[in-house]
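Single-structure report; data block below.
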Amino acid sequence: MPVQPGWSDAEQAETLVDRAPELIRRAWGSRLGPHEPATARQVQFQLRPGAGVSVVYSLRRGAAERFVGLTTEVLAGGANPGLHRLEVPDRTGTHDRRPLQVATWWHPHDPRLPGLPHAAVAASAERLWGGGDRLTRLQTITYRPLRRAVFRADFSTPGPVVATRSVFLKAMRPDPAEALELRHRLLAAAGLPVAPVLGPVLHGVVATAALPGEPLSTALRNDGGAHLDPAALTGLLDRLPEAVVELPRRPSWSERLARYADAAASALPEESRAVAALTDRVRGLIDARDPGPVVPVHGDFYEANILMSAEPGGAAGGAAGAGTVGGLLDLDSVGPGHRVDDLACLLGHLAVLPAISPRYEGIWSTIDAWAAVFSRSVDERALHARAAAVAVSLVAGARRPGARSWTGAARARLEAARRLAERAG
């Protein structure tokens, strides 16, 4: 049942975006300049199928820039002085549904991320994680409203010998933050190349050291991955400790296919029938194949979360010049699952890379070559079918605030899902 009965994801998104300046004015009029709401610029859009839509807007007053968040997600709890709640009446004439509930806040006071004000503000970041060093730069890497935010904090020693270091600050809800710290320590104890955790979790913020290497996506862009051995990737997964299977299990991308298909149809309403047909086909292909045993999995195993190093004797044991794994990032979903889903996650993300940059146009030859290697340990048709589900999950994510051609990118991602489904039979 939708958390906002009667309001589809698409209707929530359309209403929130169309009426954002009005809602900002209603909630925060006393704190705004006369022209701020009218010049509001959307800088973040996030749709969680079945849960709600969240957006962030930039407001300017002279040279100063401020950010305000709005969401249709239902936020439980009592009074929150930093949170304003609004009701948006239905204007469509559908009188049997209640007004849309919207909550709004000033960044960085995200109502579900208590550590965000500490990680996002330079003075507190320096005080809490500087260890006496001086903060020279604080950069936002990603911010997903109500979910998580990642910052890179660069520090330098006061001298006389100046040394520099980088710390990554991940602001989360407190319980997942504690669980993430446990995953880092489990994998580090097993000798995997994961970032060291720097001290205890503070205010729901996990602080880790930077890891060397370049993202796998960069290595693929350089030469299509010709120098990379895909067996190094399966070898890395082989090293996940057995204790991981005792952690809580998270649904795989393929298990959430219906939700992501709804999001894809909301992003491309003119393709809704095509999305439904493809989803039915992929679901049938997945259900027809054995996913294999339950084993330790990463859960979000794709090119942005894999750092590569060309040094000999790297963490995955590859040969010199073959490209070895130097780091494994984003351990939030580490737990029990099926190996085929980890490998499908990687192939599904690779398939949409050409929709991101034309420099990846040759990636399909890499996909086919790597799939042949991966199929030595998992069912080949299940691999491609589940990779297609991953590609479907990425369709709605093509929407970017300010992007003029995001619908073309979304269609390209949908086409990538079709190509993967064809390979599954």
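Before moving on, here are some points about what is shown:
- Unit Cα scatterers, Debye sum, the chain: log10 I(q)/I(0) for q = 0.06, 0.12, 0.13 Å⁻¹: -0.27, -1.11, -1.29
- Extreme residue, positive dipole direction of the chain, given options L128, P89, L198 (C-beta unit charges): P89
- Here the stretch 103-141 and the stretch 267-297 have alpha carbon centers that stand 39 Å from each other.
- Expressed as a whole percent, the proportion of Cα-Cα pairs in the stretch 9-106 lying more than 18 Å apart is 46%.
- Sorted fewest first by neighbouring Cβ atoms within 10 angstrom, H349, H35, H184 come out as H35, H184, H349.
- Rounded to the nearest Hz, the phi-derived 3J(HN,Hα) couplings of the stretch 247-262 under the Karplus curve 6.51 cos²θ - 1.76 cosθ + 1.60 (θ = phi - 60°) are 6, x, 8, 10, x, 6, 4, 5, 6, 9, 4, 4, 5, 6, 5, 4, where x marks glycine and proline.
- When only the Cβ of Lys, Arg, Asp and Glu is charged (+1, +1, -1, -1), the dipole of the chain relative to its Cα centre reaches about 1120 debye.
- Extreme residue, positive dipole direction of the chain, given options G224, A51, A38 (C-beta unit charges): A38
- Summarising the amide proton neighbourhood of D90: residues at separation of 5 or more, or on other chains, whose placed amide H is nearer than 5 Å comprise L100.
- Only Lys, Arg, Asp and Glu carry charge here, each on its Cβ (+1 for the first two, -1 for the last two); on that basis the stretch 9-106 has a dipole of about 400 debye about its Cα centre.
- By the Cα gyration tensor, the stretch 116-209 has an equivalent ellipsoid whose semi-axes, rounded to whole angstrom, run 22, 17, 10 from largest to smallest.
- Straightening the chain between A38 and R25 buys 3.8 nm, computed as 0.36 nm per residue apart minus the Cα-Cα spacing.
- Take the Kirkwood radius over Cα pairs of the stretch 1-43, plug it into Stokes-Einstein at 37 °C and 0.692 mPa s, and you get 279 µm²/s for translational diffusion.
- Candidates A371, A396, A190: whichever shows maximal mean-square fluctuation once the chain is modelled as a Gaussian network with Cα springs under 10 Å: A190
- Annotation: for a label point projected 7 angstrom from Cα along Cα→Cβ of A64, residues of the stretch 4-31 with backbone N closer than 11 Å are 31.
- Helical runs (DSSP H, four residues minimum) scored at -39500 (n - 2.57) apiece and divided by the length of the chain put the mean residue ellipticity at 222 nm at -11000 deg cm²/dmol.
- In this structure the amide hydrogen of D110, modeled in the peptide plane, comes within under 5 Å of no amide hydrogen from residues 5 or more places off or on another chain.
- Evaluated over the Cα positions of the stretch 214-423, the convex hull gives a direction-averaged projected area, one quarter of its surface, of 11.2 nm².
- Computed from point charges on the beta carbon alone (+1 for Lys and Arg, -1 for Asp and Glu), the dipole magnitude for the stretch 116-209 about its Cα centre is near 260 Debye.
Rule-based calculations on the coordinates, nothing more; no lab input. Small disclaimer: the values here were computed from a predicted structure and weren't measured. Note: ideal-geometry Cβ built from the backbone for every residue, glycine included; neighbour counts use all protein chains shown.
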